[in-house]
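The structure appears below as structure tokens.
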Amino acid sequence: MIHDNSTCDSLLDPYLFLHYSLIPSVFIILGLSFLERRINRTKFDDKIELLNRRFGFIIPLDLIGTFNNRWTFGFAFGAIANKVMSLFNEEYLPPGVPSWARALGLLVGAIEVGLSYYPIFACLTTEKHLIGSVTGFLYTMTWFIVTIIDITSCPHGNTLGYYEKVIFEWPSLFCLVFLMGRFVHIFIKYTRIYMGADIRNDEKCFLPIHQAEHIKRLFRKPVLEQKSWFQRKIYTWDPCFKFPSRMIGTTVLSLFCLYIFVSLEYSIYRKIANLLYKWEEQMEQVAPEMPWEYYNQSVVAMREFNEALIGVWFFTTFLACAVTVSYIFHILVCYRKHMKRLWVGERGFLPVKFQNPSSKQSVAAIARYSGWQVAYILWGYLIMHVVQCLFGLVLVYAFVFPIIHGQALELLKGLGISILTLAIAISLMILQVLLASKFFLQKKIAPEDKQKPLALNNRKAFHNFNYFFFFYNVILGLGVCLFRLFSSLILGSWLIARIDRPILQRGYESSDMGYNTWIGMIYVDHYHTNPILLGFCNILLTVRAEKRLKELPAYSVFSDSVGPRASTKSRTRWLLYYTLMNNPRLIIQRKQKNMDDLDNRNIVMQTRLVQASVLEAENRNIQERPLDTNSVEIWER
């Protein structure tokens, strides 16, 4: 898909390059898959010896149980932030797709983008570190060079104007540079390990270290620590808890996508502001057909509206960005809090319908979460910003402009009347509560009770009180209903980006698909990363491994589980040969075949005795032979 640009022509179209990048991407995936061995053999492995359990599945990222290299995967997500925003704009929708098949066309475009960046993730997760680091570095550098060529040849665009591509692409370039440095670090690290200059200490453990420390902490007596204001009010660092790579990657991707989205919103605002200013200029230049006084008022009103819109938009932009960024990090805090509650068996913070979620829905939710979280953040920012702008304009026209126009006294008078009316309404509501507490409830049963029992007193007076206040509460209920609607609008627009809490009323939470996704995601993590469960399974696996190790014979070290599978008969013969070589006297004691002839038996026994004597002599000579110091040094190295 080629985009026309009125300012310049790019030497290399990144959209066209993305299509062609699928070719090397497929070859890289096939190469890494060839190096990956499958656990079980198939009939094809027996027929084609070259396969030998090759062409196994490779994974780009374990979204559930990966706690290592989390920020590396986070920057890998950040490298595709601009492509994710392009998916929102439907720029990768294949041409000629009918309207009814747009969803399928968007699926094809999303798969194409994912496949083009698949090698970067696969090279980070592969066990063939040297090949993966070299391949990943070259592939990442190719994307970096293509992006640099596109920016330098045509830095401007039609959306933001000057240096548009620099503004949009620098987060991706930064992440690509980080990934190239990471691949170089992996290559140097494992080169030193293979050369023997360093020790490999990144072996995968069934029970991660931080979760083992969490289990140890449960057995210790809790110690009260003095916490600072930041730890009490904002965040407390927990060394025994780590966020999975999915949460870190989603956080980084949300931040970069929010930056790009705000830049796009600014370009749209600038176009709207230019149209309003042109309209204002046309109103000033065109001779009025209406009386001059009314025309002058309309021009002044238009100018005031433009000035108010500029101030309100810039103020609410920073406010909405600050709130959204705080939401992005607050979601991490809520994730840790919810996971810890589930670990101790506490589910009371969840609605009743979500305390036993569906397994299939939870598995689907873990795949939806990252994409939906980014979408919720962007849409939440936009809706919150629009609502803030509207309320900001209302406040400006209600308070600022009357003061500027010298109507401060009338404003204070109207504000005083409104505050007084509201105060009287609230006072009457409080009065009903005080009367109910003073006259219409029986006395405390015990002096130490905190409140009176829910038992009526003075029933006749209460019925009269209830009757006369009924007519007033009808009027009061109208205002309270409007306040309820106003509060729902504010809270709904303010919390639309919070996927970790429902915004619908109790009983209707199942209609909130975002909250359903959150619940399913944390339940999958709870069942697959629970430290107690993993610790118990780790103990079972350790005991089982020790038991199997004790049952293995001395020559079990010669069993090759990685190489080609040999037949049972061949393996048995090899083990027998090795045993007889180390114990020649066992040759004499071997069971003989059924022989009726006594002479043949004697001949076989004499032959075996000679063989045993020869082997014993050879073993003795090998043991008494002097050692070669050079070979010993090489062996020790």
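The values are calculated or read from the model by the stated rules, or taken from the named source; none is laboratory data. These figures come from a predicted structure and were not determined experimentally. Glycine gets a Cβ as well: all are built from the backbone with ideal geometry, and neighbour counts include every protein chain shown. The area values use the complete protein model at the heavy-atom level, side chains included, leaving out ligands, DNA and RNA. Shrake-Rupley method; radii C 1.70, N 1.55, O 1.52, S 1.80 Å.
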Problem - Members of segment 444-471 found to be hydrophobic (A, V, I, L, M, F, W, C), open to solvent by 100 Å² or more (accessible area, probe 1.4 Å) and assigned to a loop (DSSP other than H, G, I, E, B), listed by number - result: Ile445, Leu454
Practice task
Go through the residues of segment 546-557 one by one and say whether even a single one is part of a loop (DSSP other than H, G, I, E, B), modelled with pLDDT of 75 or more and surrounded by 10 or more Cβ atoms within 10 Å (Cβ to Cβ).
Solution key: no
Practice task
Give the residues of segment 397-425 that are aliphatic (A, V, I, L, M) and touching a Leu at 6+ places or on another chain (Cβ under 9 Å), sorted by residue number.
Solution key: Ala398, Ile403, Ala425
Completion exercise
His214 fails exactly one of (1) modelled with pLDDT of 80 or more; (2) part of a helix (DSSP H, G or I); (3) open to solvent by 60 Å² or more (accessible area, probe 1.4 Å); (4) of a type outside the set (Phe, Trp, Tyr), namely (3)
Exercise for the section: Return a yes/no flag: does segment 241-251 have any residue that is open to solvent by 30 Å² or more (accessible area, probe 1.4 Å) and either part of a helix (DSSP H, G or I) or over 30 Å from Trp143 (Cβ atoms) (or both). Expected result: no
Practice task
Return the pairs, sorted by first residue and then second, in which the second residue is modelled with pLDDT under 75 and acidic (Asp, Glu), the first residue lies in segment 145-163 and is farther than 15 Å from Asn82 by Cβ, the beta carbons are less than 8 Å apart, and the residues are 6+ apart or on different chains.
Solution key: Ser153/Asp9; Cys154/Asp9
Completion exercise
Of the residues in segment 148-160, those that are open to solvent by less than 20 Å² (accessible area, probe 1.4 Å) and out of contact with any Lys or Arg (no Cβ under 8 Å at 6 or more places or on another chain) number 1
Exercise for the section: Would you check if Ala103 is open to solvent by 10 Å² or more (accessible area, probe 1.4 Å), part of a helix (DSSP H, G or I), among the small types (Gly, Ala, Ser) and closer than 26 Å to Tyr259 by Cα? Expected result: no
Practice task
Go through segment 337-350 and count every residue that is in contact (Cβ under 8 Å) with a residue 24 or more places away in the chain and surrounded by fewer than 16 Cβ atoms within 10 Å (Cβ to Cβ).
Solution key: 1
Handout entry: Every residue from segment 118-140 that is among the charged types (D, E, K, R) and part of a helix (DSSP H, G or I)
Key = none
Completion exercise
Those residues of segment 577-616 which are modelled with pLDDT under 70, of a type in the set (S, T, N, Q) and not in a helix (DSSP H, G or I) amount to Gln592, Asn594
Exercise for the section: Would you mind finding the one in Val433, Val400 that is more than 30 Å from Val312 (Cβ to Cβ), β-branched (Val, Ile, Thr) and either open to solvent by less than 70 Å² (accessible area, probe 1.4 Å) or assigned to a helix (DSSP H, G or I) (or both)? Expected result: Val433
Practice task
Give the number of residues within segment 114-123 that are touching a Leu at 6+ places or on another chain (Cβ under 9 Å) and open to solvent by 10 Å² or more (accessible area, probe 1.4 Å).
Solution key: 2
Completion exercise
Note: among Gln388, Gln361, Gln373, just one is in a helix (DSSP H, G or I), at pLDDT 85 or above, within 15 Å of the chain's Cα centre (by Cα) and not hydroxyl-bearing (Ser, Thr, Tyr), namely Gln373
Practice task
Check segment 188-205 and report whether any residue there is out of contact with any Asp or Glu (no Cβ under 7 Å at 6 or more places or on another chain), closer than 24 Å to Ser254 by Cβ and in contact (Cβ under 8 Å) with a residue 12 or more places away in the chain.
Solution key: no
Handout entry: Within segment 480-524, tally of residues that are closer than 16 Å to Ser358 by Cβ, part of a helix (DSSP H, G or I) and charged (D, E, K, R)
Key = 1
Problem - Matching residues, segment 141-168, being part of a helix (DSSP H, G or I), more than 20 Å from Pro24 (Cβ to Cβ) and in contact with a Pro (Cβ under 9 Å, 6 or more places away or on another chain) - result: Glu164, Lys165, Val166
